[in-house]
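The values are calculated or read from the model by the stated rules, or taken from the named source; none is laboratory data. All values reported here derive from a predicted model rather than from experimental measurement. So basically every Cβ, Gly included, is an ideal-geometry build from the backbone, and we count neighbours across all protein chains shown. Accessible surface is based on the protein model in full, side chains and every heavy atom, while ligands, DNA and RNA are left aside. Shrake-Rupley method; radii C 1.70, N 1.55, O 1.52, S 1.80 Å.
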Amino acid sequence: MEIWQIWVIAALVFIIVEIFTSGFAIACLSVGCLLAAAGAALEWTLAWQVTLFAIGTFLAFILIRPFVLKLMNKKTDKNNVKTNMDNLIGRKAIVTEKIESDGFGRVKIDGDDWKARFEDESEAEVGEKVTIVSYESIILTVKK
């Protein structure tokens, strides 16, 4: 087995390991291995191959990794779907138990009954509509 083949195998191993990790750090090592494999194919000395490995890895960390991380985060942000409690924020609820200015009451949304309080000193009577602005644990904060 020739040395360039060993470099390519090492690059493949790094790629496989990268599949099970995140952050595109180990894949940068595979870029260095591929550059070293090119040096080995040109029959350069081992010192030059290791130098190419170091340069390739460094350049991948500096130039390629930030670009790939930006693409990965961009994709994640587009698919950032509101779920569970976050989905309630901004929606309207109906007061089912009077909400006192200094205390709590209850509101109903999507058939669920929630403990609620106002963000300011307001009051709401049964049947009024309020808007959910935030939550803390299982208590909704609402406004008129």
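Here are the numbers for this structure:
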{"item": "Whole-percent carbon and sulfur share, accessible surface of the stretch 105-144, 1.4 Å", "result": "44 percent"}
{"item": "Accessible solvent surface per residue of the chain, calculated while the other protein chains remain in place, 1.4 angstrom probe, Å²", "result": "67 Å²"}
{"item": "Cα-based Lys pair tally, the chain, threshold under 18 Å, eight or more apart or on separate chains", "result": "21"}
{"item": "Among Leu29, Ala93, Thr141 - extreme Cα towards positive end, dipole of the chain, charges at beta-carbon", "result": "Leu29"}
{"item": "Model label zone, Thr96; criterion: amide N under 12 Å from point 7 Å along Cα-to-beta-carbon; scope the stretch 118-144", "result": "127"}
{"item": "Thr141-Trp44 pseudo-label distance in nm [points 7 Å out on the Cα-to-Cβ vector]", "result": "6.0 nm"}
{"item": "Percent RCO, i.e. relative contact order, over the chain, from Cα pairs under 8 Å lying at least 6 residues apart", "result": "15 percent"}
{"item": "Unit Cα scatterers, Debye sum, the chain: log10 I(q)/I(0) for q = 0.10, 0.18 Å⁻¹", "result": "-0.56, -0.92"}
{"item": "Cα-projected label distance for Ser122 with Thr21, points at 7 Å along beta-carbon direction, nm", "result": "5.2 nm"}
{"item": "Packing rank of 96-103, 84-91, where each peptide gets the mean count of other beta carbons within 10 Å, highest leading", "result": "96-103, 84-91"}
{"item": "Calculated FRET efficiency for the pair Asn73/Phe104, C-beta based, R₀ 41 Å, to 0.05", "result": "0.55"}
{"item": "Whole-percent carbon and sulfur share, accessible surface of the stretch 1-42, 1.4 Å", "result": "80 percent"}
